[in-house]
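Undergrad: Below you'll find the structure I mean.
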Amino acid sequence: MKLTKENGGNHEVVLTIEVPTEEWSKAIAAAVKRIANQVNIHGFRRGKAPRRIVEREVGLAAILDEAYEKLGPKVFNEAMDEEKLELATYPKFERVTVEEDKPLVFKAIVTPKPEVKLGEYKGLKIEKKTEEVTEEQVAQHIDKMRERQAKLVDAPEGAAAKKGDLVTLDFKGFTDGEAFEGGEGKDYPLQIGSGSFIPGFEDQLVGAKAGEEREVKVKFPEDYHEKKLAGKDAVFKCVIHAIRHKELPALDDAFVEKASVFHTVDELKKDVREKMEKAAATKAENDLRVAAIDKAAENITVDIPQVMIEDRITQMIQELAMRLEQQGMKFEQYLQYSGSDMTKLRNEYRETATKNVRTDLMLEAVAKAENIKVEPADLDGEVAMMAQMYGAKPAQVRKIVVEQGRVGDLAVTVMRRKTAKFIVDHLAAQEA
């Protein structure tokens, strides 16, 4: 194999690969045998037809294509090993000479992973911040428990609607003095402060009384899913029929026994505080980890090929589409309802994608610098964790991972996690 390399610009490298005629001829002969075993040729058993008959049946071009498709990837991988190149994205191929009795020549346009110059990643000074749990926060948590058992009761006659109340109303919407389709409701139940309606609508119902007529003036958001209404001023003529508000149960031992496994208010408060403090400690640990990884990623010097960022954006959008599918929504519907399109969505993801690619490059570079390896036990641990998450047996998960060819992806995930732990484990000691 003869290999030449040249700069293709825009981070690309063009490899011209030439395979000697002798090796190429062997690949053609092997292609003939494979095709002969795959097609039915009248008068011959499978695999027994001579080359001239196979060529007459399928054509020389098909034979050369079959030979190239088999030999090309093999010699390309050999070229990657020879050049010690790690690719940032899938290569592009161009056939130059694919003829019989001549050397096979093709080009591979590749984008190598960029060189990463590590900055500081050990001994980073990151302040760990654990939020204090206040009495007010404990009380708010318990109030939410009370709200879940609250009763809706009719407001006293003449009472004004306030945030949290449930009002029953008729409404009819107008733009430019004309009623618009879908803007009318009868005996509609609306909780003030729920955010169910257009921003500003519910706020203007505060203070209204049963039997009152009220005009609500709002502006539809610019990105409203109904394009005909987006950005338009509207007036809703409303009639309030009824107002009901929540009546919370008293905070006493009887409520505690009904709403929890505890018997007294003090016991409930103590348990709520302990759980909130544990959650705050967990959040502080997670925030510390994220801050450390972000800092180490900020400290590297690297020129990221744009194709890596674009590939990551595509991956993020594919993951979004899969999540939507699981929730019963089509991706196209999501774009319509959110008032977005593919270009806008890709631009929204660009900053996050760039940060993610930069972080991954940093973690790979640190893993190499510190000789962090993924051992079989690490993969077993990851499989066990996945099995627990999905309620399956480790053997079942391992079988799926192998069948789907995801062992390499799993190893990369484990390597990044181990490297992230290394960075966190080597933070500068916290000052007392």
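The values are calculated or read from the model by the stated rules, or taken from the named source; none is laboratory data. These figures come from a predicted structure and were not determined experimentally. Backbone-built Cβ (ideal geometry, glycine too); neighbour counts: all protein chains shown. The protein model used for the area step is the full one, side chains on, heavy atoms only, and it has no ligands, DNA or RNA in it. Shrake-Rupley method; radii C 1.70, N 1.55, O 1.52, S 1.80 Å.
Undergrad: What Kirkwood Rh does segment 370-432 have if only Cα atoms enter the pairwise 1/r average? Answer in Å. Display every interim value, and only then the final one.
TA: On the way: mean 1/r = 0.0764 Å⁻¹.
So the Kirkwood estimate lands at 13.1 Å.
Undergrad: Compare Lys26, Lys246 by solvent-accessible area with a 1.4 Å probe and give them largest first, with all protein chains kept in place.
TA: Details: Lys26 135, Lys246 80 Å².
Greatest to least solvent exposure: Lys26, Lys246.
Undergrad: Let me ask you something else. Report the calculated FRET efficiency for Glu332 and Lys129 (r = Cβ-Cβ distance, R0 = 41 Å), to the nearest 0.05. Could you put the intermediate results ahead of the total?
TA: Details: r = 42 Å, r/R0 = 1.03.
That gives a FRET efficiency of 0.45.
Undergrad: Taking the chain as the region of interest, what is the percent of Cα-Cα pairs per 10 angstrom bin, listed from the shortest bin to the one with the maximum distance?
TA: 4, 11, 14, 19, 19, 13, 9, 7, 4, 1
Undergrad: While we're on this one: Helix 135-148 versus the longest principal axis of the chain: what is the Cα-based angle in degrees, 0 to 90, to the nearest 10?
TA: Its long axis makes an angle of about 90 degrees.
Undergrad: Measure nothing fancy, just the Cα-based angle from helix 60-83's long axis to the longest principal axis of the chain, in degrees from 0 to 90, nearest 10.
TA: 70 degrees
Undergrad: Going 7 Å from the Cα of Gln404 along its beta-carbon direction, which residues of segment 286-326 have the amide nitrogen within less than 16 Å of the resulting point?
TA: 315-316, 318-326
Undergrad: How far apart, in nm, are two points set 7 Å out from the Cα along the Cα-to-Cβ line at Leu248 and at Glu136?
TA: 1.5 nm
Undergrad: Here is a further query. With every protein chain kept in place and ligands, DNA and RNA left out, what is the accessible area per residue of segment 58-132? Probe 1.4 Å, answer in Å². Mind showing how you got there, number by number?
TA: Values: 4710 Å² over 75 residues.
Computed with neighbouring chains in place, this is 63 Å² per residue.
Undergrad: Please list Thr413, Thr111 from largest to smallest accessible area, probe radius 1.4 Å, with all protein chains kept in place. Let's see the in-between values first.
TA: Details: Thr413 60, Thr111 10 Å².
The residues order as Thr413, Thr111, largest area first.
Undergrad: Percent of accessible area on segment 207-324 owned by carbon and sulfur, 1.4 Å probe?
TA: Result for segment 207-324: 52 percent of the exposed heavy-atom area is carbon or sulfur.
Undergrad: Would you work out what percent of the accessible area of segment 372-432, with all protein chains in place, is carbon or sulfur (probe 1.4 Å)? Write out the running numbers ahead of the final one.
TA: Numbers: 2420 of 4190 Å².
Here carbon and sulfur together make up 58 percent of the probe-accessible area.
Undergrad: In addition: For Arg289 and Ile109 in the same chain, what is the full-extension length gain: residue separation times 0.36 nm, less their Cα-Cα distance, in nm?
TA: Values: separation 180, 0.36 × 180 = 64.80 nm, distance 3.80 nm.
Contour length minus Cα-Cα distance gives 61.0 nm.
Undergrad: Just to verify a number: FRET efficiency for Val307 and Lys258, C-beta to C-beta distance, R0 = 51 Å, to 0.05?
TA: So the FRET efficiency works out to roughly 0.25.
Undergrad: Also, quick follow-up: In nm, to one decimal, how far is the modelled label at Phe174 from the one at Leu324, with both set 7 Å along Cα→Cβ?
TA: 3.7 nm
Undergrad: Now for a different question. For segment 1-106, with all protein chains present and a 1.4 Å probe, just round the carbon and sulfur fraction of the accessible area to a whole percent.
TA: 48 percent
Undergrad: How much length, in nm to one decimal, is gained on full extension between Arg350 and Glu147, taken as 0.36 nm per residue of separation minus their Cα-Cα distance? Please report the intermediate quantities before stating the final value.
TA: On the way: separation 203, 0.36 × 203 = 73.08 nm, distance 4.09 nm.
Going from the current span to full extension adds 69.0 nm.
Undergrad: While we're here: Over segment 55-182, with a single point scatterer placed on each C-alpha, what log10 of the ratio I(q)/I(0) does the Debye formula yield at q = 0.18 1/Å?
TA: Log10 I(q)/I(0), no solvent term: -1.15.
Undergrad: Any chance you could check the Cα centroid distance between segment 321-341 and segment 388-421 for me, in angstrom?
TA: Result: 28 Å between the Cα centres.
Undergrad: While we're looking at this one, here's another question. What is the Cα centroid distance between segment 249-305 and segment 138-199, reported in whole angstrom?
TA: 31 Å
Undergrad: Another question, if that's okay. Too long at a 25 Å Cα-Cα cut-off: which of Lys283/Lys368; Lys355/Lys418; Lys129/Lys368; Lys283/Lys399? Present the calculation step by step, with values, prior to reporting the outcome.
TA: Numbers: Lys283/Lys368 30 Å; Lys355/Lys418 19 Å; Lys129/Lys368 31 Å; Lys283/Lys399 34 Å.
Check vs 25 Å cut-off fails for Lys283/Lys368; Lys129/Lys368; Lys283/Lys399.
Undergrad: Averaged per residue, what accessible surface does segment 227-344 expose to a 1.4 Å probe, in Å²? Don't skip to the answer; put the middle values down first.
TA: Values: 7270 Å² over 118 residues.
Accessible area per residue, segment 227-344: 62 Å².
Undergrad: Okay, next question. Starting from the Cα of Lys237, draw a straight line to each of the lysines and keep only those under 17 Å, dropping any in the same chain fewer than 8 residues away.
TA: Lys172, Lys186, Lys209, Lys217, Lys219
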